[in-house]
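Read-outs: derived from the displayed coordinates by stated rules, not from any lab. As the structure is a computational prediction, the values presented were derived from the model and not from experiment. Neighbour counts are summed over all protein chains in view; Cβ atoms, including those assigned to glycine, are modelled from backbone coordinates with ideal geometry.
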Amino acid sequence: MTPDLRVNLGSLALRNPVMVAAGTFGYGLEYRDLVDLSQLGAIVTKSLTLAPRMGNLPPRVAETPAGMLNAIGLQNDGVDAFVLETLPRLRDYGTPIIASVAGETVEEYVVVAEKLSRTGGVAALELNLSCPNQARGGIEFGVSPELTAQVVAAVRQATDLPLIAKLTPNVGDITPIAQAAVQAGADILCLINTVLGVAVDARTRQFRLASKMGGLSGPAVKPIAQYHLWRVRQALPETPLIGVGGISSVEDAIEFILLGAHAIQIGTANYVQPTLAQEIVQGLAEYLMESGLNHIEAIRGVVM
Amino acid sequence: MVVEHRRREANLYELILHAPPIAQSATPGQFVMLRPMRTHAPLWRRPYSILRANPDKGVFSVLYSVQSAFTELLSMKPIGSTVQTLGPLGSYFQPVRSARRHILVAGGVGAPPLCFFAARLAPTLQADERILILEGARTADLLIGMDEFRALGAEVRIATDDGSKGYQGYVTDLLAAALNEPVESAVYACGPNRMLRVVAQLCLERGVPCQISLDAPMPCGMGVCLGCAVKVNTPDGGAWYKRACVEGPVFWAEEVCWE
């Protein structure tokens, strides 16, 4: 018998727990010739802002040991272009679409969330809390429990869709932020976003990114993601969690589920191996069969 | 599937791969993303311009030199093994049919896509059309593709930084001189970005049609990550970033915003 991979994250029901992470799968259609989109648990879009954003000066990316730094600067065509042009085509695949919402102000998050909620065809909203807050000198919203709560509460008022708060790891203790997000109305927590870092070129004696600092992702960050997941699960045992950070194989995905993730996201590995998400869906089923288990929930959180 | 690692000039190897769908559809200027490893360190695939393609035999090749962990792994792939390959990707050189002389400007390791372009262009030329190759390198032993260019019967002019072969100086000096000759020309260039900037400027000043192939760090090659951003001028007088992997790597010189 084929094991049951269906999962429920509160009211968000998925056919399997394997999603593709924001910003690593374009708007969703770019990989359609390589990947069977209908096999994925969900597709998280590139982060959407109110107006189109040009993004940062290049170079925007640098390869680092078992990882990469990026400072794309939220380049996107804006929420209206996504709703009008991309979403109607993406819906045809029948895979839940999770829209990643970004903003420089609380009001921007709210307006983008309203537009995505009204249009129909969006299964959930994921708040990118790693955006620079213009009112506070560009620090990430997600480093402060108060700012996190402000954004989540404001968006909560503006939507009935399941609300995912994506947490930044760039904090000393992630649990107060996780608690603030849930108290303000987040249904689901997703962790982690990228880890701040810099890279230097010894030959040119310059930073390797034009914006100097960027977000580290890839296999290098997996232990950091697993650490924060483990901490948040202890603090909030009832909250559905999405694990993301460096997942590059079936084994990696299983590790996050063993640590308590209801679902997982593939990020940077999509660039290297676009078919990985599909392969992980298959691999999870095989792992359960080999273990004589018939439901993915049987392995969730067994590593305490 | 790896057919051969053929030792070439300039400490390079020609990696010949059997992949009929790529060999059949590859157009000069396009590239492939290679992944010889199954591990994630090094992490990224790497883009390689296509040097030649034989649709009948189903093979194509790229040039590489062994100078990093990635290229070491690539060099160790045995004959008959597979290298994960995405492609052919990106835009391509478009012959300017009104030109009587096609000037191909190659700087350093920028020569491979122009070898492919010259090979496809040569059989299509009218009686009064010519190909002129301008190639620059630091030293004579780093010149790439001389045999291919000469076999096509193209005129080749060389510049080296140390004067060990041809003109001592930059290949862009040769281009400036060539553009002063009274022939209607079109320019196609690939090389370091600082060379391409000068090539573009020389052509734009003279109203010469010019296409350039730009290099940028490229994590995905499929238009997803927006890492390989190239600033372009938009029709409304503004600017925006395009992707070297999808809208590029070949751009019209007037489109690129050089700042």
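Could you sort B:248-257, A:294-303 so that the peptide with the highest average Cβ count within 10 Å comes first and the rest follow in order?
Averaged packing, sorted descending, gives the order B:248-257, A:294-303.
Could you work out, residue by residue across A:242-249, how many beta carbons of other chains sit within 10 Å of that residue's beta carbon, and then give the average as an integer?
The per-residue average across the peptide is 1.
Report the rotationally averaged projected area of chain A based on its alpha-carbon convex hull, in square nanometres.
Hull-based average projected area comes out at 15.1 nm².
Okay, helix-only estimate at 222 nm for chain A: each DSSP H run of n ≥ 4 adds -39500 (n - 2.57), divide by all residues, round to 500 deg cm²/dmol; what do you get?
Result for chain A: -8000 deg cm²/dmol, rounded to the nearest 500.
In terms of the Cα gyration tensor, with a ≥ b ≥ c the square roots of its eigenvalues, is the range B:113-180 rounded because a/c is under 1.5, prolate because a/b exceeds b/c, or oblate?
Oblate, because a/c is 1.5 or more while a/b does not exceed b/c.
For the range B:19-71 and the range A:245-304, write down the distance between their C-alpha centroids in whole Å.
Centre-to-centre distance over Cα atoms comes out at 31 Å.
When you look at the Cβ of every residue in A:19-32, what mean number of other chain Cβ atoms sits within 10 Å?
2
Can you give the Kirkwood hydrodynamic radius for chain B, in Å, rounded to one decimal and based on Cα pairs?
Its Kirkwood hydrodynamic radius stands at 18.7 Å.
So which aspartates and glutamates can B:Lys77 reach, going by Cα to Cα under 19 Å and dropping same-chain residues fewer than 8 places off?
Of all the aspartates and glutamates, those that pass the test against B:Lys77 - Cα under 19 Å, at least 8 places apart if same chain - are B:Glu4, B:Glu14.
Sorted by packing (mean other beta-carbon atoms within 10 Å per residue), highest first, where do B:96-103, A:125-132 land?
Descending packing order for the listed peptides: A:125-132, B:96-103.
In what sequence, highest mean first, do B:183-193, B:115-125 appear when ranked by Cβ atoms within 10 angstrom?
Those peptides, ordered most packed to least, come out B:183-193, B:115-125.
Please give the per residue volume of the convex hull enclosing the alpha carbon atoms of the protein assembly as shown, rounded to a whole number of Å³.
Given the Cα convex hull of the protein assembly as shown, per-residue volume reads 161 Å³.
Taking each residue of B:234-244 in turn, how many C-beta atoms of other protein chains fall within 10 Å of its C-beta, and what is the average?
Other-chain Cβ atoms within 10 Å of each residue's Cβ, averaged: 2.
Would you mind computing Rg(Cα) / (2.2 N^0.38 Å) for the range B:11-134, counting N as its residues?
1.15
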